[in-house]
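Structure first, commentary second.
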Amino acid sequence: MSSSFLRLSGAFGIALLIAGCASFGSTATDDAAPAPHPLAGAWEYAVDTPQGVYTGSVTFRTEGDSLIGSLIMEMAPDDPIEFGADYDSETGEVNFTFDSGEYGIMDVTLTLAEGVLTGQQFLQDYNMHLDVSASRKEDTPSQ
């Protein structure tokens with residue numbers, strides 16, 4: 001064998017070794033997009049009040065590490081309310097506060113279990129707790 005063939009074969013072998021080491025521990029899932037946030041998407045909610053049930057929708061999305069919500073109330077469909085939310089992945093609990101305008105500041109605590117959000121909304125100005133439930137809109141895939 002010629003020395004140039006051996007050098008070429010050796011260089012090729014070293015290149016394969018380096019490529020193999022570079023890919024060691026790497027899997028196809030390393031390049032996969034992170035899983036979507038469990039709350040991401042559109043939800044329909046209902047609030048049980050002394051005046052009856054009020055409905056609307058809320059959409060959650062992530063921006064970097066932040067969870068952002070956009071709420072549309074039945075009474076004001078053209079005036080969405082944006083808010084930041086805190087989510088605890090261990091308990092499935094989401095907390096957020098928003099100013100509803102006419103009814104004042106509202107604190108909401110919901111828990112995600114079996115694909116449904118349930119909890120309470122506290123109306124600060126009225127010192128009143130109301131039951132809330134939400135389910136994914138039909139056209140929103142489960143996360």
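Over region 41-136, calculate the relative contact order: mean separation of alpha carbon pairs under 8 Å at least 6 apart, over the residue count, as a percent. Spell out each step's value before the answer.
Working: 212 pairs, mean separation 21.5, N = 96.
Rounded, it is 22 percent for region 41-136.
For each of VAL108, VAL116, count neighbouring Cβ atoms within 10 Å of the residue's Cβ, then give the residues from fewest to most.
Arranged by neighbour count, lowest to highest, VAL108, VAL116 become VAL116, VAL108.
Cα gyration tensor of region 43-99, axes a ≥ b ≥ c as square roots of the eigenvalues: rounded (a/c below 1.5), prolate (a/b > b/c) or oblate?
Oblate is the answer for region 43-99, as a/c is 1.5 or above yet b/c matches or exceeds a/b.
Among MET73, MET128, which comes first, then next, by fewest other beta-carbon atoms within 10 Å?
MET128, MET73
What shape does region 48-140 have by the C-alpha gyration tensor, where a ≥ b ≥ c are the square roots of the eigenvalues, rounded means a/c under 1.5, and otherwise prolate means a/b greater than b/c and oblate the rest?
Details: a/c = 1.39, a/b = 1.31, b/c = 1.05.
Since a/c stays below 1.5, the shape of region 48-140 is classed as rounded.
Read-outs: derived from the displayed coordinates by stated rules, not from any lab. Owing to the predicted nature of the structure, the values given are computational and were not obtained by experimental measurement. Counting neighbours? That spans all protein chains shown, and the Cβs are built from the backbone with ideal geometry, glycine included.
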